[in-house]
Each structure stands twice: as structure tokens, then as C-alpha cells.
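Asks: Below you'll find the structure I mean.
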Amino acid sequence: MTEAHIKVAREDTVGIIQLYRPEVANALNRKMVDEIVNQMEEFDRDDSIRVILLKGNEKAFAAGADIDEMVEETALTLELANPFAVWDRMTLIKKPTIAAVKGFALGGGFELALHCDLIVAAENAKFGFPEVTLGIMPGAGGTQFLAKAMGRAKALEWIWLGQPMSAGEALQYGVINRVVAAELVEEESMKLASQLAKQAPISMRLIKEAVDAAGDLSLIEGLKLERKNFYLAFASEDQKEGMEAFIEKRRPSFRGV
Ligand code: CO8
């Protein structure tokens, strides 16, 4: 068996996946994407995990899809292999996901971060879509995520020029959540993960579903979904626990049931 391209760890209730192909700036080959998604799904099923964190190394979160693997592809080999089916599974993850980004997040690497719910970036992080310089285009959601996050004009400019954007610019355009000094990225990401891990898991899941739907549904449909999820939250024991803890002036202890 070939070596794994990820490293997996657990810290308390946070499941951590580290991308691990340092010799190629964490370029994503199919095996690596498979491993990432399989592990995300395993954490998603695991009751002892509340939050999933993805990280790379100092140089790169991930420098895009593996160009050596892609160079010989044809439209037909891609169509038959359907490499994006595994990416679609990422959109079904129910627990909160965080990308901790240092260095390069390019092409498919940027798209991987965009598949996470929240992005914490180092000041030196570089986000970009160089696909146009390779004669291709983003294929794992880049055009859709960016247009939704920053609007059509800025998304087109950014993807057409193929130039990386700084973490500060990405923050300004609402594409990422936080920018911190490189040496603090892991600490800040873990702090954020621990805060999320203390919230009621079922609330978190229902909120994620409703917020994700906001971009696709009409206001009336979105309000209906929100209401349905609001009612569902009252089916959980955690709703009783949260409200009783408030009345008894103590901290709630949520069990995700
Ligand atoms: N694929 C393959 N190898 C890579 C990649 C990559 N994407 N990125 C870096 N490497 C390799 C380099 O070839 C180099 O290998 P070697 O030491 O054997 O020469 C090693 O990693 C280190 O890289 P550099 O020497 O180039 O390091 P620098 O610090 O000079 O530059 C950069 C770092 C800026 C990240 C540079 O390597 C670079 O520009 N990389 C390519 C970035 C890119 O074009 N990414 C987009 C790829 S296309 C894409 O992502 C499409 C996504 C579609 C969806 C996904 C479907 C599966």
C-alpha cells in the first residue's frame, strides 16, 4: 500500500486532518482528496468529534490539483473518472469545518478551503486561481463559491487575472473569516474550534443547513426552512438542557441529542 497523504489527529473533540505531501506543496492528487473526504466523513459519523479542522504546512495549505497527474487527462477520461463526485460528498458534511491556511491556497487547494465552513488564514497566506495560466479553469466550485461570496465583478477579475490575493484582501471581500500572524494560525483555529465544540451540535447542524440554503432559496422558502429547523431544535434534549441551564444560572452541557 502506498503511504497516506494525510495525517490524522484528535484533540479533545476536534478532529484534525493535515494535508501531507510536503514535497509538492501539498498538491492534491486523487488519492489525497479521497483520503481527506473519507476522513471527514469518518469524523462526521464519530459522536466524540464536534468540529473538523483541515490544515497544511508552513509553505502551503495546498498548491492546487496535482498538475503531473492532470497533464495527460482528456475530456473523456475526466468524464469517465468523474473526479468531482468525491468533492460533492464534502458538501454533505454536517459538522462545522474549519480550514487553517498558511502559505499557498491555490486552485483546487483554495477550493478545498472554500468547501470548509470557516477559513482562518495567516497574514502570509495567498489565495488564488492560477488555472487560467494553465489553459483550464476552476472545476471544484471556485467560480460558484467566489461569485456568491464576493459578487460577479470581483470574482471574474480575480479568476481571470489568475493572480493570488493576500489574506487581507480575501478578508475584505468576505471570502475568509480571520487573519492572524502565521505563528498563531493553529492556536487561533483551535480556539475557534473549541468554542464551536461547546455549542449544541444539533443547533449547529440545523443552522448550517439553513444558512447554506439561503443562497439558493427564495426568501419565503428560506424562511420556511428556517422555521422547520427552529421547530426541530425543540425535538432535542439539548434544547431543554440549554434553557434549564439558563434558568438555573449554570453552563449548559450539550450532548448532541
Ligand atoms: N502540482 C504538481 N506539483 C506541484 C504543484 C501542483 N499543483 N504545485 C507545486 N508543485 C511542486 C513543484 O513542481 C515543485 O516540485 P519539484 O521540487 O520537484 O520541482 C515543488 O512542488 C515545490 O514547488 P516550487 O519549487 O514551485 O515552489 P515555489 O515556492 O517556487 O512556488 C508555488 C510555489 C507558487 C505554489 C508553485 O509551485 C506553483 O505555482 N504551483 C502550481 C500552482 C497551480 O497552478 N495550481 C493550480 C493547479 S490547477 C487546479 O488546481 C485545478 C483544480 C481543479 C479541481 C480539482 C480536481 C481534482
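Asks: Among the residues of region 188-204, how many are out of contact with any helix residue (DSSP H, G or I) (no Cβ under 9 Å at 6 or more places or on another chain) and small (Gly, Ala, Ser)?
Replies: Counting residues in region 188-204 that are out of contact with any helix residue (DSSP H, G or I) (no Cβ under 9 Å at 6 or more places or on another chain) and small (Gly, Ala, Ser) gives 4.
Asks: If I ask for residues that are away from the ligand (no atom under 16 Å from the Cβ) and in contact with a helix residue (DSSP H, G or I) (Cβ under 7 Å, 6 or more places away or on another chain), which ones from region 13-40 would you list?
Replies: THR13, VAL14, GLY15, ILE17 - these are the residues of region 13-40 that are away from the ligand (no atom under 16 Å from the Cβ) and in contact with a helix residue (DSSP H, G or I) (Cβ under 7 Å, 6 or more places away or on another chain).
Asks: Let me ask something additional. What helices (runs of 4 or more DSSP H), lying completely within region 15-131, carry at least 3 residues that are closer than 14 Å to ILE176 by Cα?
Replies: So the answer is 108-114.
Asks: Is there any pair with a first residue in region 199-214 that is closer than 14 Å to THR97 by Cα and a second that is in a helix (DSSP H, G or I) whose Cβ atoms are under 8 Å apart and which are 6 or more apart or on different chains, and what are they?
Replies: PRO201/ASP238; MET204/LEU196; ILE207/ASN229; GLU209/LEU225; GLU209/ASN229
Asks: So which of LYS94, LYS102 ends up being basic (Lys, Arg) and either surrounded by fewer than 23 Cβ atoms within 10 Å (Cβ to Cβ) or farther than 22 Å from LEU196 by Cβ (or both)? Full working, then the answer.
Replies: Values: LYS102 fails: either surrounded by fewer than 23 Cβ atoms within 10 Å (Cβ to Cβ) or farther than 22 Å from LEU196 by Cβ (or both).
Being basic (Lys, Arg) and either surrounded by fewer than 23 Cβ atoms within 10 Å (Cβ to Cβ) or farther than 22 Å from LEU196 by Cβ (or both) holds for just one of LYS94, LYS102, which is LYS94.
Asks: Out of the residues in region 60-88 meeting the condition of being within 7 Å of the ligand (Cβ to nearest atom) and not hydrophobic (A, V, I, L, M, F, W, C), tell me which one is surrounded by the fewest Cβ atoms within 10 Å (Cβ to Cβ).
Replies: The selected residue is ASP68.
Asks: Say we look at region 124-173 and pick out the residues that are more than 17 Å from ILE67 (Cα to Cα) and among the hydroxyl-bearing types (Ser, Thr, Tyr); which of these is farthest from the ligand (Cβ to nearest atom)?
Replies: By that ranking, first place goes to TYR173.
Asks: Which ones in region 116-126 are under 24 Å from PRO22 (Cβ atoms) and either touching a residue at least 60 places away in the same chain (Cβ under 8 Å) or surrounded by 21 or more Cβ atoms within 10 Å (Cβ to Cβ) (or both)?
Replies: In the first step, residues of region 116-126 are kept if they are under 24 Å from PRO22 (Cβ atoms); the result is 116, 119-126.
Listed by number, the residues that qualify are CYS116, ILE119, VAL120, ALA121, ALA122, ALA125, LYS126.
Asks: A follow-up question, please. Select from region 23-59 the residues that are among the small types (Gly, Ala, Ser) and crowded, with 23+ Cβ neighbours inside 10 Å and write down the one among them that is nearest to GLY141 (Cα to Cα).
Replies: Going through the qualifying residues, I end up with ALA27.
Asks: Here is a follow-up. Give me a count of the residues in region 226-251 that are under 28 Å from the mean Cα position of the chain (by Cα) and crowded, with 16+ Cβ neighbours inside 10 Å.
Replies: Result for region 226-251: 7.
Asks: Also: Test ARG50 against the criterion of being within 14 Å of the ligand (Cβ to nearest atom), in contact (Cβ under 8 Å) with a residue 40 or more places away in the chain and of a type in the set (Lys, Arg), and give yes or no.
Replies: Values: within 14 Å of the ligand (Cβ to nearest atom): no; in contact (Cβ under 8 Å) with a residue 40 or more places away in the chain: yes; of a type in the set (Lys, Arg): yes.
Here the answer is no, as ARG50 does not meet what is asked.
Asks: Residues in region 94-101: is at least one modelled with pLDDT of 95 or more, more than 21 Å from ALA213 (Cβ to Cβ) and near the ligand (Cβ under 8 Å from one of its atoms)?
Replies: No, that holds for no residue.
Asks: Further question: In region 1-14, what count of residues is obtained for those that are in a strand (DSSP E or B) and among the charged types (D, E, K, R)?
Replies: Total satisfying the criteria: 3.
Asks: Considering each residue of region 127-148, count those that are farther than 20 Å from TYR20 by Cβ, buried (at least 18 other Cβ atoms within 10 Å of the Cβ) and either within 13 Å of the chain's Cα centre (by Cα) or of a type in the set (Lys, Arg) (or both), and give that number.
Replies: Residues flagged as farther than 20 Å from TYR20 by Cβ, buried (at least 18 other Cβ atoms within 10 Å of the Cβ) and either within 13 Å of the chain's Cα centre (by Cα) or of a type in the set (Lys, Arg) (or both) within region 127-148 amount to 3.
The values are calculated or read from the model by the stated rules, or taken from the named source; none is laboratory data. Values in this document were obtained by computation on a predicted structure and should not be read as measured data. Using ideal geometry, Cβ is built from the backbone for each residue, glycine included, and neighbour counts are taken over all protein chains shown.
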